[in-house]
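Here's the structure, in structure tokens; my notes come after.
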Amino acid sequence: MTGVLNGRVAVVTGAGRGIGQATALLLAEHGARVVASDLDAGALEETLALLDGRGTAVAADLTDPDTPPEIVDRAVREYGQLDIVVNNAGYTWDGIFHKMGDDQLAAMLDIHLVAPFRLLRAAAPVLREAAKRDAAQGREIFRKVVNVVSISGTMGNVGQANYSAAKSGLVGLTKTLAKEWGPLKINVNAVAFGFVQTRLTAETAEAGTFDRGDRQIPLGIPAQVREQAAARIPVGRGATPADAAGGIFLLCTPWSNFIHGQVITVAGGQAEGMSY
Ligand SMILES: NC(=O)c1ccc[n+]([C@@H]2O[C@H](COP(=O)([O-])OP(=O)(O)OC[C@H]3O[C@@H](n4cnc5c(N)ncnc54)[C@H](O)[C@@H]3O)[C@@H](O)[C@H]2O)c1
């Protein structure tokens with residue numbers, strides 16, 4: 001299957017580490033050239049080294065309105081096209097609802113909803129023009145948008161009212177764009193991850209902080225919550241970043257051309273609805 005994405009150009013946000021890095025590498029392994037973007041220039045350098053000539057890096061804050069157009073411009077200038085957009089960048093800023101500040105809500109909406117909106121709006125002319133050219137030439141080529149959401153957004157999660165509201169908003173954007181862009185053969189889907197082993201889900205003492213530039217935001221979850229989380233997953237463990245990237249990759253291949261406007265849960269079978 002190596003080479004299934006030959007000739008494709010992908011943008012992956014939050015590609016400096018975790019799920020985004022694993023996705024960038026998996027797409028490249030299967031032939032895509034990747035525009036890898038992240039706020040953390042040091043982490044992004046590692047990804048670029050691992051991409052080994054199959055990508056280019058844009059180190060910038062995705063919540064800056066200038067960044068999404070810069071990422072799209074890079075794809076077009078460097079590779080002449082754009083076929084796949086993976087909206088993955090993000091972090092958590094947890095807290096119990098009745099103590100949650102406006103800044104906590106705004107931060108989550110900015111990175112998980114506004115930034116994907118702006119990146120897709122910036123990508124729209126490139127994706128749509130290519131689709132129209134294909135149609136005029138009688139070719140049917142599917143392009144792909146994959147938005148990373150969370151079962152916190154689809155099922156709710158204690159301590160994440162801000163995060164789950166933002167991810168749930170991204171589900172609405174996904175479904176609307178799927179209706180608008182379906183005729184152009186641009187698949188728009190979301191993957192809802194459960195527990196993935198990254199710094200977001202590391203034990204509080206070890207997870208460190210997200211350096212947003214203006215402040216340090218503590219990441220991670222308490223040990224007891226971690227243990228309970230793992231016990232609720234039917235396959236018996238949390239996903240690795242590579243497991244998670246597999247779910248995204250599936251939605252970037254031609255085998256998913258008729259999966260459209262869907263939220264695919266990639267959570268090892270975890271599907272607990274309103275139970276804790
Ligand atoms: N880890 C999980 O269990 C889990 C579960 C569900 C959903 N998710 C989602 O998966 C995505 C990736 O998370 P992860 O677990 O790999 O986390 P991670 O911290 O390992 O990686 C996220 C990357 O996004 C980057 N980023 C954050 N804010 C940014 C900004 N403003 N501009 C540019 N880059 C920015 C970070 O620098 C980081 O490198 C996130 O959207 C997250 O909400 C994760």
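Numbers at a glance
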item: Rounded to the nearest 10 Å², the accessible area of E203 at probe 1.4 Å; result: 70 Å²
item: Space enclosed by the convex hull of the alpha-carbon atoms of the stretch 173-276, per residue, Å³; result: 148 Å³
item: Placed amide H near T63: partners under 5 Å, 5+ positions off or other chain; result: none
item: Bridge type composition, the chain - antiparallel percent by DSSP, nearest 5; result: 10 percent
item: Radius 14 Å from Cβ of P68, net charge of other residues (Lys, Arg +1; Asp, Glu -1); result: -4
item: Selection from I84, A115, A136 lying farthest towards where the dipole of the stretch 78-136 points positive, charges on Cβ; result: A136
item: Cα centre as origin, Lys/Arg/Asp/Glu Cβ charges: the stretch 33-164 dipole, Debye; result: 740 debye
item: Average projection area in nm² (convex hull over Cα atoms of the stretch 1-151, one quarter of hull surface); result: 10.0 nm²
item: ³J(HN,Hα) computed for each position of the stretch 248-253 - Karplus, 6.51 cos²θ - 1.76 cosθ + 1.60, integer Hz, glycine/proline x; result: 5, 4, 3, 7, 9, 9
item: Average Cα contact separation per residue, the stretch 26-179, under 8 Å, 6 or more apart, as relative contact order %; result: 23 percent
item: Accessible-area composition of the chain, carbon plus sulfur, in percent [1.4 Å probe]; result: 53 percent
item: Hits among lysines - C-alpha to C-alpha of K185 under 21 Å, sequence gap 8 or more where chains match; result: K132, K144, K175
item: Amide hydrogen neighbours beyond the local backbone of V35, cut-off 5 Å, H modeled; result: A10, V11, V12, T56
item: Heavy-atom SASA rank of L50, L200, L27 (probe 1.4 Å, accessible area, largest first); result: L50, L200, L27
item: Karplus-derived 3J(HN,Hα), 6.51/-1.76/1.60, for each residue of the stretch 59-64, Hz, glycine and proline x; result: 8, 6, 6, 5, 7, 6
item: Overall Cα dimensions of the chain, principal axis frame, Å, largest first; result: 57, 36, 35
item: Interchain or long-range residues, amide H under 5 Å from A192's placed H; result: V149, I264, T265, V266
item: Over the stretch 94-168, equivalent-ellipsoid semi-axes from the Cα gyration tensor in Å; result: 36, 13, 5
item: Residue order for S168, S150 - accessible surface, 1.4 angstrom probe, largest first; result: S168, S150
item: Computed helical MRE - 222 nm, the chain, DSSP H runs ≥ 4 contributing -39500 (n - 2.57), nearest 500; result: -13000 deg cm²/dmol
item: Assigned charges on the beta-carbon of Lys, Arg, Asp, Glu; the stretch 114-164 dipole about Cα centre (debye); result: 200 debye
item: Proximal lysines relative to K99, as straight alpha-carbon distance under 27 Å, when same-chain residues fewer than 8 apart are discounted; result: K167
item: Cα-centred dipole magnitude for the chain, charges only on beta-carbon of K, R (+1) and D, E (-1), debye, nearest 20; result: 980 debye
item: Over the chain, relative contact order from alpha-carbon pairs under 8 Å, at least 6 apart, %; result: 18 percent
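The values are calculated or read from the model by the stated rules, or taken from the named source; none is laboratory data. Please read these numbers as outputs of a predicted model, since none were measured by experiment. Every residue, glycine among them, receives a Cβ derived from its backbone with ideal geometry; neighbour counts consider all protein chains shown. SASA here: full protein model, heavy atoms, side chains in, ligands and nucleic acids out. Shrake-Rupley method; radii C 1.70, N 1.55, O 1.52, S 1.80 Å.
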